[in-house]
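The values are calculated or read from the model by the stated rules, or taken from the named source; none is laboratory data. Note that the structure is a prediction, hence the values are computed from the model and not measured. Heads up, the Cβs are rebuilt from the backbone with ideal geometry, glycines too, and the neighbour counts pull from every protein chain shown. Just the protein is used for accessible areas: all its heavy atoms, side chains included, with ligands, DNA and RNA removed. Shrake-Rupley method; radii C 1.70, N 1.55, O 1.52, S 1.80 Å.
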Amino acid sequence: MTGQVPRRPITRRRLLCGAATALIGAPGLLTGCSRDAPADGAWPSVIRVGGMAGRGSRVGTGALGVAQHQGLIEQAFADTDTRIEWLLVDSGGTGIMEAVANRLIDFSLFSVLAQIIARARGVPATVVAANSYQANYLAVRSGLPIQGPADLKGRRVGVTIGAIGHLGLLQLLDSHGLSVRDVTLVNMNGPETMAALAAGEVDATLGGANLFQLETRGLVRIVYTSYARRTRTSGFASVLVHDEFHRRHPLATRRLLKAYVQAVHWMALPENFEAYAEFSNRGSTTPMPLVHRYLRDVDLKNAFNPLIDDYYLARFRESAAVCLDAGLIREPVHPDRWIDRQLVYDVVDELGLGGFWSRWDAHGEEQA
């Protein structure tokens, strides 16, 4: 399948973007959604779904952006009076974390680093599915004698402190015999890092496909690639539901998760590669050929794997330990305590997708 992401009609959708609220519409039917009902007959009057804002777009990015664009969540609740509100934030996982903490979001996804920090601060949210594993790239200024991660010692590295790239950098250093004390971290956002690299103010950064543009201009060299799920350095995220919502509305949580799994399944199908590339490009400043390059590096079926398998759990636990060692949290946190591991497997089976995704063991090997 090529072209745009297919749009599906919905009965009703409210988009809440920052302070702006707008009514939008779009076609479809969420299959595999049983006509169940809560024991008390009452569905939530409103569900607030959070997502990352695409650049200049009222539609989110990633799997929830696809679900929003296709109207999957709205269709999941078409037989109820529940209203869906979308809160799109452009401040990364930190912004979503704060919105969840303040009960502005019931269901969302964000990076594991933000989740670890959130739980350390007492934010009550349950993980119900895995989200994408992202390829990361180590870019260094052209002309510097840096051949790989081990050569970063003594260098200035641009990074957004508290963002998922920060965790990836910590794990990259640890994997190559270094620690955060061996480099100088310069706290800046993505565009600032790009400008600082071009101006020679920092020596390196770990990031995504946006770095390809500096590479094509000859300003940086990419000396390391994490290739999504295959290495510790890759970023990854989770789907969360606020604990109170999960407790009061378990069937609504299940329907939300079904819509998410359907979106992830669509993204993982090879025939939808071009359509997903075009969708990704809408909220990005990265040219389409470079989007293609990035998506080919991530192995979409394994990258967009919603299963909470042993590999996911091992990565989550390791990430929590890295955060503690780096001083990002003050006390240990235990990810297993806020993960509902079974629900996503039940949903995948109910949708007839059992066996579509492989489970990985704790060492990163695919299991039958």
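Averaging sequence separations of C-alpha pairs under 8 Å and six or more residues apart, then dividing by the length of the stretch 249-368, give the relative contact order as a whole percent.
29
Only helical DSSP H runs with n ≥ 4 go in: add -39500 (n - 2.57) per run for the chain, normalise by residue count and round the 222 nm mean residue ellipticity to 500 deg cm²/dmol.
-10500 deg cm²/dmol, from helical runs alone.
If you plug each phi of the stretch 130-139 into the Karplus form 6.51 cos²θ - 1.76 cosθ + 1.60 with θ = phi - 60°, what whole-Hz ³J(HN,Hα) values come out, in order, with x for Gly and Pro?
Ordered by residue, 3J(HN,Hα) equals 7, 10, 5, 9, 9, 6, 10, 10, 9, 10 Hz.
Among V89, Y227, P332, flag the residue with its Cα farthest along the positive direction of the charge dipole of the chain, charges on Cβ as +1 for Lys/Arg and -1 for Asp/Glu.
V89
Out of residues 5 or more away from V186 or on other chains, whose amide H comes under 5 Å of its own, with H placed 1.01 Å from N in the peptide plane?
V157, G158, V159
Treating the beta-carbon of each Lys and Arg as +1 and of each Asp and Glu as -1, no other charges, what is the dipole magnitude of the chain about its Cα centre, to the nearest 20 debye? Present the calculation step by step, with values, prior to reporting the outcome.
On the way: 38 positive and 36 negative charges, 140 e Å.
Magnitude of the dipole: close to 680 debye.
Over what distance in Å are the Cα centres of the stretch 95-171 and the stretch 296-368 separated?
16
Report relative contact order for the stretch 134-206 in percent, whole number only (criteria: Cα-Cα under 8 Å, sequence separation at least 6).
Details: 99 pairs, mean separation 35.0, N = 73.
It rounds to 48 percent for the stretch 134-206.
Indicate the helices, whole DSSP H runs only, in the chain that combine a mean Kyte-Doolittle hydropathy of -0.5 or more with a Cα extent along their long axis of 18 angstrom or more.
Span-like helices in the chain: 250-268, 310-325.
Given a 1.4 angstrom probe, what's the average accessible area per residue across the chain, in square angstrom?
The answer is 41 Å² per residue.
State, in angstrom, two size descriptors of the stretch 246-368 derived from its alpha carbons: Rg to one decimal place and Dmax to the nearest whole number.
17.0, 46
Rg (Å, one decimal) plus Dmax (Å, integer) for the alpha carbons of the stretch 62-114?
Both quantities, over Cα of the stretch 62-114: 12.2, 37 Å.
Once you have all Cα-Cα distances for the stretch 256-312, histogram them in 5 Å bins from zero and send the whole-percent values.
Answer for the stretch 256-312: a P(r) of 4, 18, 25, 23, 16, 9, 4, 0 percent.
Between Y224 and residues 5 or more places away or on another chain, which pairs have amide H atoms under 5 Å apart, with H built 1.01 Å from N, and which residues are they?
HN-HN under 5 Å from Y224: L138.
Give me the percent of accessible area attributable to carbon and sulfur for the stretch 128-234, probe 1.4 angstrom.
48
Give the relative contact order (percent, whole number) for the stretch 42-182; include only Cα pairs under 8 Å separated by 6+ residues.
22 percent.
Once the piece of chain linking R359 and D182 is laid out straight, how much longer is it, given 0.36 nm per residue of separation minus the C-alpha distance between them? Numbers along the way, then the final one.
Numbers: separation 177, 0.36 × 177 = 63.72 nm, distance 3.59 nm.
Stretched fully, the R359-D182 segment lengthens by 60.1 nm.
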